[in-house]
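Structure, as structure tokens:
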Amino acid sequence: MSLSCWIEATRLRTLPVSIAGVILAIGYARLHHSFAPAPALLCLTFAILAQIASNFANEYYDFRAGLDRPGREGPRRGVTEGDITPRAMLMATYLTLAAACAVGCSLIYFGGWWLLPVGIAIALGVIAYSAGPYPLSHHGLGEVAVLLFFGIIPVNLTYYLQCGLWDTSVLLGSISAGLMGANVLIINNYRDADADADVGKHTLAVILGRPAVRTLYIVNGLVAVILMWNCWTSMGPYAWIAPAAYTAVLLLIWLLMGRLKGHRLTPLLGATATAMLAYATAFLILA
């Protein structure tokens with residue numbers, strides 16, 4: 001098992017999704033003069049570890065359920081192709097999740113013991129996305145899970161752990177982050193719709209069809225920008241350029257979705273995640 005196989009299994013193209021949510025929350029904390037580096041860094045570490053654990057779990061449990069096939073359109077799956085043993089991937093999943101939980105427990109110092117059940121719910125969500133009696137990603141609920149676990153929960157919690165309060169504008173921003181993150185999954189499932197349908201994996205792209213989820217992609221992006229528009233315009237006369245640039249990139253990706261097929265869609269997944277990270281970073285810089 002080579003290191004490159006494990007790096008590929010982390011799905012680096014998707015990691016900006018978890019990073020962007022925390023960066024957006026840090027931007028809100030700076031905007032409200034309450035930035036606290038220690039809990040912010042811990043939240044970032046927790047988010048990255050939790051997403052890697054989720055990616056590992058997805059690869060292992062999809063393999064075990066027979067939902068991945070060799071030579072699939074998307075990035076190479078190490079377990080399916082025989083590069084990584086199922087046992088090694090299972091161990092890596094729970095070791096990474098344990099590391100995330102350890103980091104999460106340290107946040108109790110900043111937020112209190114009520115964070116413990118929240119952390120347990122997040123850990124269960126990491127596994128429930130791909131495993132359990134009703135895997136979320138197999139029943140058209142993957143995008144909902146991303147909205148919740150990569151948008152609403154991390155943005156609001158990261159902000160609260162810095163500022164000690166909840167804020168309506170942050171809630172709107174967390175929904176924006178969730179919708180942007182869901183778009184990364186939409187492209188992934190848009191690309192894999194035929195293969196997923198063949199093995200009985202009912203993603204949103206399989207249930208609604210490619211044209212519908214392509215429309216959802218652009219709607220998600222536009223709603224995400226609208227939800228934060230007032231916040232952007234309050235940050236200065238030229239701050240609107242950042243969300244406008246994000247919208248332009250999104251429209252370009254949306255157009256390309258209608259022209260490309262198969263593995264040629266994979267770069268659009270990375271582009272969607274990178275655009276989300278750039279959006280959040282711009283917000284942090286201008287805050």
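Amide H of Tyr129 versus every other amide H placed in the peptide plane: which residues, excluding those fewer than 5 positions away on the same chain, fall under 5 Å?
Leu136
List the DSSP H helices in the chain whose Cα atoms stretch 30 Å or more along the helix axis and whose mean Kyte-Doolittle hydropathy is at least 1.0.
Within the chain the helices that satisfy the rule are 86-106, 266-286.
How large is the helix-only mean residue ellipticity at 222 nm for the chain, computed as the sum of -39500 (n - 2.57) over DSSP H runs with n ≥ 4, divided by its residue count, in deg cm²/dmol to the nearest 500?
-23500 deg cm²/dmol
Can you give me the relative contact order of the stretch 112-200 as a percent, contacts being Cα pairs under 8 Å and 6 or more apart?
25 percent
Within the stretch 2-81, which trypsin sites (Lys or Arg not before Pro) sit in a loop by DSSP and count at most 12 neighbouring Cβ atoms inside 10 Å?
Hits after loop and neighbour filter: nothing returned.
Can you give the local net charge around Val213? Use residues other than it whose beta-carbon is closer than 15 angstrom to its beta-carbon, Lys and Arg +1, Asp and Glu -1.
Combined, the nearby Lys, Arg, Asp and Glu give +1.
At a 10 angstrom cut-off on C-beta neighbours, averaged per residue, how do the peptides 276-284, 134-142, 227-235, 205-213 rank from highest to lowest?
The densest-packed peptide leads the list: 276-284, 134-142, 205-213, 227-235.
Just grab the label-to-label distance for Ala244 and Tyr109, each label 7 Å out from Cα along the Cβ direction, in nm (one decimal).
Distance between the two pseudo-spin positions: 4.5 nm.
Any idea of the accessible area per residue across the chain, 1.4 Å probe, to the nearest Å²?
On a per-residue basis, 44 Å².
Magnitude of the Cβ-charge dipole of the chain, K/R +1 and D/E -1, about the Cα centre, nearest 20 debye?
Dipole size: approximately 340 debye.
FRET efficiency for His202 and Leu41, Cβ-Cβ distance as r, R0 = 41 Å, nearest 0.05?
According to the calculation, E is roughly 0.60.
Tell me the carbon and sulfur percent of the accessible area for the chain, rounded to whole percent, probe radius 1.4 Å.
Taking all protein chains in place, the chain shows 69 percent carbon and sulfur surface.
For the stretch 195-287, build the charge dipole from Cβ charges (+1 Lys, Arg; -1 Asp, Glu) around the Cα centre, then report which of Ala278, Ala244, Ile218 sits farthest towards its positive end.
Ile218
Under 14 Å from the 7 Å Cα→Cβ point of Ala102, by amide nitrogen: which residues of the stretch 23-57?
Residues 46, 49-50 fall inside that zone.
Can you tell me the relative contact order of the chain? Whole percent, Cα pairs under 8 Å, sequence separation 6 or more.
Contact order relative to length: 26 percent.
Taking just the alpha carbons, could you work out the radius of gyration and Dmax for the stretch 116-261, both in angstroms?
16.9, 51
The values are calculated or read from the model by the stated rules, or taken from the named source; none is laboratory data. Fair warning: this is a prediction, and the values are worked out from it, not measured in the lab. Note: ideal-geometry Cβ built from the backbone for every residue, glycine included; neighbour counts use all protein chains shown. For accessibility, only protein heavy atoms count, side chains too; no ligands or nucleic acids. Shrake-Rupley method; radii C 1.70, N 1.55, O 1.52, S 1.80 Å.
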